[in-house]
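The values are calculated or read from the model by the stated rules, or taken from the named source; none is laboratory data. On a predicted model such as this, the values are computed, not experimentally measured, just so you know. We place every Cβ from the backbone using ideal geometry, glycine too, and count neighbours over all the protein chains shown. Just the protein is used for accessible areas: all its heavy atoms, side chains included, with ligands, DNA and RNA removed. Shrake-Rupley method; radii C 1.70, N 1.55, O 1.52, S 1.80 Å.
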Amino acid sequence: MATIKQADLIDSVADALQFISYYHPLDYIEALGAAYAAEQSPAARDAIAQILTNSRMCAEGKRPICQDTGIVVAFLKIGMDVRWDATMSVADMVNEGVRRAYTLPENVLRASIVADPAGARRNTRDNTPAVIHMEVVPGGSVEVTVAAKGGGSENKSKFTMLNPSDSIVDWVVKTVPGLGAGWCPPGMLGIGIGGSAEKAMVLAKEALMEPIDMHALKARGPKNRLEELRIEIHDQVNALGIGAQGLGGLTTVLDVKIRDYPTHAASLPVALIPNCAATRHARFVLDGRGPAHLQAPSLDRWPKVEWAPAPDARRVDLARVTREEVATWKPGETLLLSGKLLTGRDAAHKRIADLFARGEGLPEGVDFRNRFIYYVGPVDPVRGEAVGPAGPTTATRMDKFTDLMLEKTGLLGMVGKAERGPSAIEAIRKHRAVYLIAVGGAAYLVSKAIKAARVVAFPDLGMEAIYEFEVKDMPVTVAVDANGTSVHSTGPAEWRAKIGRIPVTVA
Ligand code: SF4
């Protein structure tokens, strides 16, 4: 009979969360490498190159793959024969592991969890609590799977109750374009079918913990209805042409994983959860012989891809750029930004809107005139960094503030990730502004372009404070130009049409 010590579970959870913060699973990296080799859309290929280069840099530097280091989800299968040498509950042990992982000084991770979600939304400061699923199973060991799920992809989760005769493939293919690019494709789709409403959602999340094997599945052929469904959904979603970061391209999903469960004769519950470019999960088993040790992957397994800015990229001096120059930038054009940027995301925008509503001005020291705002919540720096990983957050959440910001502050433009909604695009067109995107899932690479950072307002907001960044050759793409043309509309439409005519050899 195995006895599991409290310290072993805590240490193993903490180690696994640190591990997945900087090591992508090899199956993801290899599938993304194959997608890079097959990609024919230059914009999507550039984005995948950034994600692969970022991934390798993170593995080498042991720093987070993404600035959003996720909400921790843990699945525990606890053997019925296990004894515990512990004073804490299993949930408390898991949360202690989370606390230690996210506050580790050598690789501090971003604390993103807020308590009182419908009210004060206070940051818990150590990323606890985790979402914990436990199952008691036969046996004498404890199997633990931990994941760190990014908010951008989790926010795009969907659920439906279909009629039993409805097509699951049709629902997924109709639903995925509506997710936009905020889930940072290329990634995976986890699909849960059956059970009850909550069971289907858990099945979808569990499905995402399985390894990517679409290539092998296609090579050997499907053996059952679920495998047929996986292939149908994979091929039809990729035929939508959404592509990496929604820029238009061949690969939107690397794999589709499905789990099912018996359900009521009147029901067909279907849950869909996307996993993003920061796919992070690991599994370990405790059998009473001490803490788990995860084997570091060999860096030789990373594809030999080194992103570098295109030689024809336009260099922009942020100290001199004018509204007239901004109006000449073309959708899809690559820019390299140098100079000073201000940052701000959800909480800072809400505060600014409240200040204006009360007839007050911007906080002292904050001047957006002829400047750009970067939607980001960076990881804290370590070891002499100016800033920790600092990739873009989903811009759509700032849409409702965009007209106000452009109208009242004199901003020239914004930098974020994913598409803008109609109201934001109209505001950009009206004010002859611009919206630029950086690559979601390339946060450490982006942070290397940030040479200095200082908080200029709202320090109590932590990672959501307004910072001033000094950047050198920060790579961005023009996503919405001053005329309101969006690459997130034109890119996928172009590639959807092309995919019908070009041979598709995605991984
Ligand atoms: S890759 Fe995108 S969705 Fe995933 S954690 Fe990072 S920013 Fe969020």
Given 446, 455, 439, which one is part of a loop (DSSP other than H, G, I, E, B) and not small (Gly, Ala, Ser)? 439
Please go through the stretch 45-61 and give me each residue that is farther than 12 Å from residue 308 by Cα and hydroxyl-bearing (Ser, Thr, Tyr), ordered by number. 55
Just one of the numbered conditions (1) in a helix (DSSP H, G or I); (2) open to solvent by less than 20 Å² (accessible area, probe 1.4 Å) is not true of residue 474; which one? (1)
Do we have residue 240 as under 20 Å from the mean Cα position of the chain (by Cα), among the hydrophobic types (A, V, I, L, M, F, W, C), within 24 Å of residue 43 (Cα to Cα) and open to solvent by 10 Å² or more (accessible area, probe 1.4 Å) here? no
Those residues that are open to solvent by 10 Å² or more (accessible area, probe 1.4 Å), more than 11 Å from the ligand (Cβ to nearest atom) and farther than 21 Å from residue 254 by Cα, I need them from the stretch 41-75; list them, please. 57, 60, 61, 62, 75
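Which residue, of 384, 410, 462, is open to solvent by 10 Å² or more (accessible area, probe 1.4 Å), more than 16 Å from the ligand (Cβ to nearest atom), without any contact (Cβ under 8 Å) to a residue 12 or more places away in the chain and over 28 Å from residue 185 (Cβ atoms)? Explain how you work it out, then say what you get.
Numbers: 410 fails: without any contact (Cβ under 8 Å) to a residue 12 or more places away in the chain; 462 fails: without any contact (Cβ under 8 Å) to a residue 12 or more places away in the chain.
Answer to the check: 384.
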Based on this model, can you work out whether residue 262 counts as away from the ligand (no atom under 16 Å from the Cβ) and either under 22 Å from the mean Cα position of the chain (by Cα) or in contact (Cβ under 8 Å) with a residue 40 or more places away in the chain (or both)? yes
How many residues does the stretch 55-108 contain that are under 16 Å from residue 13 (Cα atoms), not aliphatic (A, V, I, L, M) and not in a strand (DSSP E or B)? 12
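Does residue 468 meet the test of being among the acidic types (Asp, Glu), open to solvent by 10 Å² or more (accessible area, probe 1.4 Å), more than 14 Å from the ligand (Cβ to nearest atom) and touching a residue at least 40 places away in the same chain (Cβ under 8 Å)?
Details: among the acidic types (Asp, Glu): yes; open to solvent by 10 Å² or more (accessible area, probe 1.4 Å): yes; more than 14 Å from the ligand (Cβ to nearest atom): yes; touching a residue at least 40 places away in the same chain (Cβ under 8 Å): yes.
The answer is yes for residue 468.
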Does the stretch 174-184 include one or more residues that are away from the ligand (no atom under 16 Å from the Cβ) and surrounded by 15 or more Cβ atoms within 10 Å (Cβ to Cβ)? yes
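Counting only residues that are under 16 Å from residue 16 (Cβ atoms) and either open to solvent by 30 Å² or more (accessible area, probe 1.4 Å) or within 16 Å of the ligand (Cβ to nearest atom) (or both), how many does the stretch 133-151 have? Walk me through how you get there before you give the answer.
Within the stretch 133-151, the first condition is being under 16 Å from residue 16 (Cβ atoms), and the residues that meet it are 133, 141-149.
With either open to solvent by 30 Å² or more (accessible area, probe 1.4 Å) or within 16 Å of the ligand (Cβ to nearest atom) (or both) added as a condition, the list becomes 133, 141, 143, 146-149.
Going through the stretch 133-151 one residue at a time, the tally reaches 7.
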Pair list, Cβ under 9 Å, 6 or more apart: the stretch 57-78 residue modelled with pLDDT of 95 or more, other residue among the aromatic types (Phe, Trp, Tyr) and assigned to a loop (DSSP other than H, G, I, E, B): 58/23; 59/23; 59/302; 62/23; 65/23
Given the conditions (1) modelled with pLDDT under 95; (2) outside any loop (DSSP other than H, G, I, E, B), and given that residue 1 satisfies all but one, which numbered condition is not satisfied? (2)
Please go through the stretch 296-312 and pick out each residue that is closer than 20 Å to residue 30 by Cα and either open to solvent by less than 100 Å² (accessible area, probe 1.4 Å) or not basic (Lys, Arg) (or both). 296, 297, 298, 299, 300, 302, 303, 305, 306, 307
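What are the residues in the stretch 418-436 that are among the acidic types (Asp, Glu) and either open to solvent by less than 10 Å² (accessible area, probe 1.4 Å) or not in a loop (DSSP other than H, G, I, E, B) (or both), if any?
If we filter the stretch 418-436 for residues that are among the acidic types (Asp, Glu), which is where we start, we get 419, 426.
Selection gives 426 alone.
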When the stretch 23-40 is examined, which residues are found to be outside any loop (DSSP other than H, G, I, E, B) and away from the ligand (no atom under 16 Å from the Cβ)? 26, 27, 30, 33, 34, 36, 37, 38
Residues 313, 319, 327: which one is touching a Leu at 6+ places or on another chain (Cβ under 6 Å), farther than 30 Å from residue 206 by Cβ and among the small types (Gly, Ala, Ser)? 313
